[in-house]
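Working notes for the structure below.
The values are calculated or read from the model by the stated rules, or taken from the named source; none is laboratory data. Bear in mind the structure is a predicted one, so any value in this text is a computation, not a measurement. Cβ sites come from the backbone with ideal geometry, for glycine too, and all protein chains shown count toward neighbours.
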Amino acid sequence: MRVVIMGAPGAGKGTQSVRLARTWGVPHVSTGELLRETVKLGSDLGRRVKETLACGRLVSDEMMVDLLRERLARPDCRSGFVLDGYPRTQRQAEDLDALLAVMGSTLDCTLLIEVPDDTVLHRLGGRRTCPSCQAVYHVDQIGKRDGAVCERCGTAVTIRDDDEESTIRRRLQIYDEQTRPMLDHYRRQGKLKNVDGRGTPDEVYDRLTSLAQMANG
Ligand code: AP5
Ligand code: MG
């Protein structure tokens, strides 16, 4: 399976991509995670990326295509991938088509998770992430108190730097201005499937898997 999961910040892309990748036996490729790994290196590039992420802006298309080319060339992507958070601009969508053409493949489908802005604000306002294994939680699940730990690896969970309310609003604005118009690229190719992202993670997962199955024949 070669599938792109799209949607606004907080739509549930990461939550669902992890599950879908496990189901299909392919890697979960999150460009946000790749960038946060770059930040951890502490290099000059890492410091510049950290600033861009912290203010909620997009990293340049040139850097993104280099990052993606390197990641999709790794052997684990040979049988497919669940791509989360890429593309976000028209140029990135065209770059992805070109990368896949070189690899002799195409996307099976692109799934767009749709949720209202007030749901995004609630989801991101309460998100906690594990800095070690990247597991994602919500305070509705694990409680608000300090000292909550990751259920998988026991590390103390943290709040992402870009989950402050003003930055969330900036990310939503950038999504509307730069990413939403790009969706036409996939509409024109007949590959865009819209999915209602409201409801429980299980309900959204069921909608995603049945649409992906239909798209895959
Ligand atoms: P990225 O890490 O991709 O962030 P994002 O797009 O803003 O999306 P999020 O990760 O915040 O949300 P999500 O949709 O994954 O939701 P999640 O599953 O965590 O990118 C970060 C930054 O990197 C960007 O701002 C940009 O600067 C840069 N970047 C990345 N890719 C780039 C690119 N291609 N080009 C340029 N720059 C790029 O869920 C959120 C919360 O809701 C969690 O707490 C979760 O537990 C909860 N939740 C999920 N589903 C449900 C549900 N059904 N019901 C209740 N709660 C739920
Ligand atoms: Mg995510």
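Annotations for the structure displayed:
- The range 168-188, residues that are surrounded by fewer than 14 Cβ atoms within 10 Å (Cβ to Cβ) and either polar (S, T, N, Q) or farther than 21 Å from V120 by Cβ (or both): Q173, D184, R187, R188
- Which listed residue is surrounded by 15 or more Cβ atoms within 10 Å (Cβ to Cβ), closer than 27 Å to P131 by Cα, touching a Gly at 6+ places or on another chain (Cβ under 6 Å) and not β-branched (V, I, T), from G56, G32, G46: G32
- Test for L83: is it under 14 Å from the mean Cα position of the chain (by Cα), under 20 Å from D163 (Cβ atoms) and either assigned to a helix (DSSP H, G or I) or within 16 Å of ligand 2 (Cβ to nearest atom) (or both): no
- Selected residue [more than 15 Å from P9 (Cα to Cα) and either away from ligand 1 (no atom under 12 Å from the Cβ) or part of a loop (DSSP other than H, G, I, E, B) (or both)] from L96, L100: L100
- Of the criteria (1) at pLDDT 95 or above; (2) away from ligand 1 (no atom under 12 Å from the Cβ), which one D117 fails: (1)
- Selection status of G85, touching a residue at least 60 places away in the same chain (Cβ under 8 Å), touching a Lys or Arg at 6+ places or on another chain (Cβ under 9 Å), away from ligand 1 (no atom under 12 Å from the Cβ) and within 16 Å of A21 (Cα to Cα): no
- Among the helices (runs of 4 or more DSSP H) confined to the range 1-59, the ones with at least 2 residues that are within 11 Å of ligand 2 (Cβ to nearest atom) are located at 13-24, 31-40.
- Only one entry of D108, D66 meets the criterion of being farther than 23 Å from K40 by Cα and among the acidic types (D, E), and that entry is D108.
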